[in-house]
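What follows is one structure encoded as structure tokens, with my remarks underneath.
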Amino acid sequence: MKFIQVFKQSFYSPQFYRELKHKNFWFSLRYFYSLVLILAFVSAVATSIFVLPMVKTLMQKAEPFLRSYPSELTVTIQDGRASTNVEEPYFVEMPRGLCNLSSEMKEDDFCKLANVVAIDTKTPFSLSKMEEYRTLAWLTSDSMVVKQGAETRVTALKDVPNTVINKQFMDGLADKTDKMVKRATPVVLPITAILIFLAYIISLSKLVFLLFGALIVLLIARVKKVEMTYGYAYRIGLHAVTLGVILNFLGNVGLPGVPILFTVLFAVCVWINLEPQKILAETVSVAPISPEETPVA
């Protein structure tokens, strides 16, 4: 496979780097983005290994919330104001067994709370009252207040369309969520690969680096007495950057990064691959002159 051959030569092959002088810019650019695409796919596979279980866990979290909605409760949001058909304050308790789904969930702050939602449209909101209610969320007369770790987020109901929320509505939402997750699972991998690839392209960080990296190539070429143009130096950079791009990818998946390592590896790769063209002197064999052919003075 041609890509694999070029990939290997990009690590070490002085002859390959000499021959780059006679290849066009698109040859090297195609190689660079082929490398990026392959790394994006590998990254997507690695990411999906973590994402898919997270989606499953999220579904395990979301479905109990939705299906535990009390059958007697109806919440009506009309013109940005909330009202209910029950005596307030009204509490929707944390579903039993929810926090036993995984050891990670047991550590979540909301698992230490008694209620999922407190509905109290009569009492003005206060942090002390929310702590007293031991609830993840509080529906007031004009807003929804949600605990997010150490913070509390308040969302006004004025932009919420007129809605009637009851048991039938929440069960339907749970069914739709379940179907959506099942349909989304097979496309998580390709979508993740595309997004990662686009992120690499949009950032263009390595291509921008090579504007400076080409100067490093020119400097090394000067030291090693190799004739070089800026365009040739940039094409060399598109290949010499291979190891750095791979290590950068590994950094994105958790390998600790080392400052300036990328530049050092780039310079080392250029140094070991950049050699002047060796000129072989032609030797002409001359037959020995016999005594008989020796000219007489």
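The values are calculated or read from the model by the stated rules, or taken from the named source; none is laboratory data. In this text the structure is predicted, and so the values were computed from the model without any measurement. When we count neighbours, we look across all protein chains shown, and the Cβ atoms used for this are built from the backbone with ideal geometry, even at glycine.
Assorted remarks:
- Region 28-52: number of residues that are loosely packed, with under 15 Cβ neighbours inside 10 Å, among the hydrophobic types (A, V, I, L, M, F, W, C) and under 22 Å from TYR230 (Cβ atoms): 1
- Beta carbons closer than 9 Å, at least 6 apart along the sequence or on distinct chains, never pair a first residue in region 115-136 that is over 15 Å from SER83 (Cβ atoms) and assigned by TED's automatic domain parsing to the domain that holds VAL75 with a second that is among the polar types (S, T, N, Q) and in a helix (DSSP H, G or I).
- Of the strands (runs of 3 or more DSSP E) lying entirely inside region 114-225, the ones with 1 or more residues being within 29 Å of the chain's Cα centre (by Cα) and at pLDDT below 90 are found at 143-148, 151-156.
- When LEU37, LEU52, LEU58, LEU73 are checked against the criterion of being modelled with pLDDT of 85 or more and either closer than 30 Å to MET180 by Cα or of a type in the set (A, V, I, L, M) (or both), LEU73 stands alone in meeting it.
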